[in-house]
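Undergrad: If you scroll down you'll find the structure; I have some questions about it.
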Amino acid sequence: MNRRLLLIVMSFAVIPSAAHQLRAQNPPASSFAEPEQVNSREDDLYNQGYEALANGNYDEAIAKFDQVIQLRGRKADAALFRKAEAQKKTGNKSQALATIAELRKAYPQSSWKKQADQLEVELSGTTNPEGLPTKGEKMEAFMALMNSDPDRGLAIAKSWLQGNSPMSTTDKDKVLFILATHGNEKAQEVLLSVANTSNDPDLQKRAIKYVGMTGNSRSRAALKEIYQSSTNVDVKKSVFNAWLMCGCKEEVLAVAKTERSPELQREAVRHLGMMGGKEELRVLYKNSTDVETREAIIHGMMLCGDSQGLAEIAGTEKDPKLLEAAIHTLGMVGGSETLTALTNIYNSHSDVATKKLVIHALFLRGAAKEMVALARKETNPELRKEWMHRLSMMSSPEITEYMMELLNK
């Protein structure tokens, strides 16, 4: 290789190393000017970490916030603070303090600095060197202001509830509760605003819950509007929970009748069951032709303890899948009428499969007396074997007497 060629090859080997050194001296700038796709990824990771933190999955939250921090974007400082919160929850105080120090060093002008200072005080267990008010003191001051000067209190509430506020979701939840219980019309407007539109899905769901707690005509109308206008399934499910809190059975029934989404229709049926909608579920069952919807209605009947409705289905249903579901559910519903219904089904059906379903349902109820009575009369060898199998796993005076009877024959 001649000297000229050797120099060319060496120059290419040096270029990457020099470029690496240049990048090390000038790290990427904060992503306040990042491309849209990077911002979107950052938002997704941050929201995933935030949700994990709220649900108590602290290790997962730390991992997600670490990915946000590495992007050095718009939410890197927020992610550092949230990471420190998660580390505190896991008991790693030293790591949390190190993360707070990293936040101060990397982002000295961050709006999260005051929150970080307060967290550091909590972690160190020392007195507050700057005399910063605690979260509890701030909340007490806010409640006092809402009573003495609601307009100024609401101005503070709005700033706290904004998407870029450093306040934790738990504290924002307390603010929403205060607004919901205050009775001030303007406070209700702020609450409804968060419930209708929020950059924080978790906060929006909490606001919807409190709207349901108020239960007045304005709140009911607002919940209906939120459900109809939203395209987010989770938000719609939050509205169901709010309807449950205010006992808004009519609204839930209307959705169960008209909702095109099978998932949301079944959610409506489930909530009708929790609201004691026996008659409503019976009518829905008669008018529905969809097997999965009818199965959901049977489950809803169990939630409201409608043994009569279940007995009617079990006595008339021709679809094997639905008949099985009705009989099985009867075995999980209390009341003497369910035992009567199961006994009648056993005596009125001739097919072995249905009778076995009844045996299992009675077994679930622990109905020893009824089981022994039916077993004594059974002549089918396959069914007698099934009875013996179930009875052998139970204990009662009636079963003992029956077993002795068989042994003495």
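Undergrad: How far apart, in nm, are the 7 Å Cα→Cβ label points at R104 and S396?
TA: Each label point is offset 7 Å from its Cα along the Cβ direction, giving 7.0 nm.
Undergrad: With r as the distance between the Cβ atoms of N232 and S348 and R0 = 56 Å, compute the FRET efficiency 1/(1 + (r/R0)^6) and round to 0.05.
TA: 0.70
Undergrad: Separation between the S40 and S111 pseudo-spin-labels, each 7 Å from Cα along Cα→Cβ, expressed in nm?
TA: So the two model labels end up 2.4 nm from each other.
Undergrad: Express the relative contact order of the chain as a whole percentage, based on alpha carbon pairs under 8 Å and six or more residues apart in sequence.
TA: Rounded, it is 6 percent for the chain.
Undergrad: Could you tell me which residue out of S40, Q109, T90 lies farthest along the dipole of the stretch 32-124 toward its positive end? Charges go on the beta carbon: Lys and Arg +1, Asp and Glu -1, centred on the Cα centre.
TA: Towards the positive end, the residue furthest out is Q109.
Undergrad: Loop only by DSSP, 11 or fewer other Cβ within 10 Å of the Cβ. Give me the trypsin sites (Lys or Arg not before Pro) in the stretch 58-116 that pass, ordered by residue number.
TA: Listed in order of number, the matching sites amount to none.
Undergrad: So what is the calculated 222 nm ellipticity per residue for the chain, using -39500 (n - 2.57) for each DSSP H run with n of 4 or more, over all residues, to the nearest 500 deg cm²/dmol? Provide the component values of the computation, followed by the final result.
TA: On the way: 24 runs with 315 residues, N = 409.
My calculation for the chain gives -24500 deg cm²/dmol from helical runs alone.
Undergrad: Right, here's the next one. Taking each full run of DSSP H in the chain as one helix, which ones are at least 30 Å long along their axis (Cα atoms) and have mean Kyte-Doolittle hydropathy of at least -1.0? Numbers along the way, then the final one.
TA: Working: long enough: 3-25 (33 Å, 0.77).
Sorted by number, the helices that extend far enough and score high enough are 3-25.
Undergrad: Still on this structure, I have one more. How big is the dipole moment of the stretch 32-124 about its Cα centre under a simple scheme where the beta carbon of each Lys and Arg is +1, that of each Asp and Glu is -1, and everything else is neutral? Debye, nearest 20, please. Write out the running numbers ahead of the final one.
TA: Numbers: 14 positive and 15 negative charges, 66 e Å.
For this selection, approximately 320 debye.
Undergrad: Assigning unit charges at the beta carbon (Lys, Arg +1; Asp, Glu -1) and nothing else, what dipole magnitude in debye, to the nearest 20, does the chain show about its Cα centre?
TA: Dipole magnitude for the chain comes out near 840 debye.
Undergrad: Please work out the C-alpha center-to-center distance from the stretch 167-183 to the stretch 352-409 and express it in whole Å.
TA: Centre-to-centre (Cα) distance: 57 Å.
Undergrad: With log10 I(q)/I(0) by the Debye sum over Cα atoms at q = 0.07 Å⁻¹ in mind, check (1) -0.37; (2) -0.32; (3) -0.59 and report the label derived from this structure.
TA: (3)
Undergrad: May I ask you to list the trypsin sites (Lys or Arg not before Pro) in the stretch 198-307 that are in a DSSP loop and have at most 12 other Cβ atoms within 10 Å of their Cβ? Kindly include the intermediate steps, with their values, before the conclusion.
TA: Working: sites: K205, R206, K209, R218, R220, K224, K236, K237, K249, K257, R260, R266, R270, K278, R282, K286, R294; in loops: R260.
Within the stretch 198-307, the qualifying trypsin sites (Lys or Arg not before Pro) (loop, at most 12 other Cβ atoms within 10 Å) are R260.
Readers should treat all values here as calculations from the given coordinates under stated rules, not as data from a laboratory. Predicted model, so just to flag it, every value in this text is computed and none were measured. Quick reminder, even Gly has a Cβ in these numbers, built from the backbone with ideal geometry, and neighbours come from all protein chains shown.
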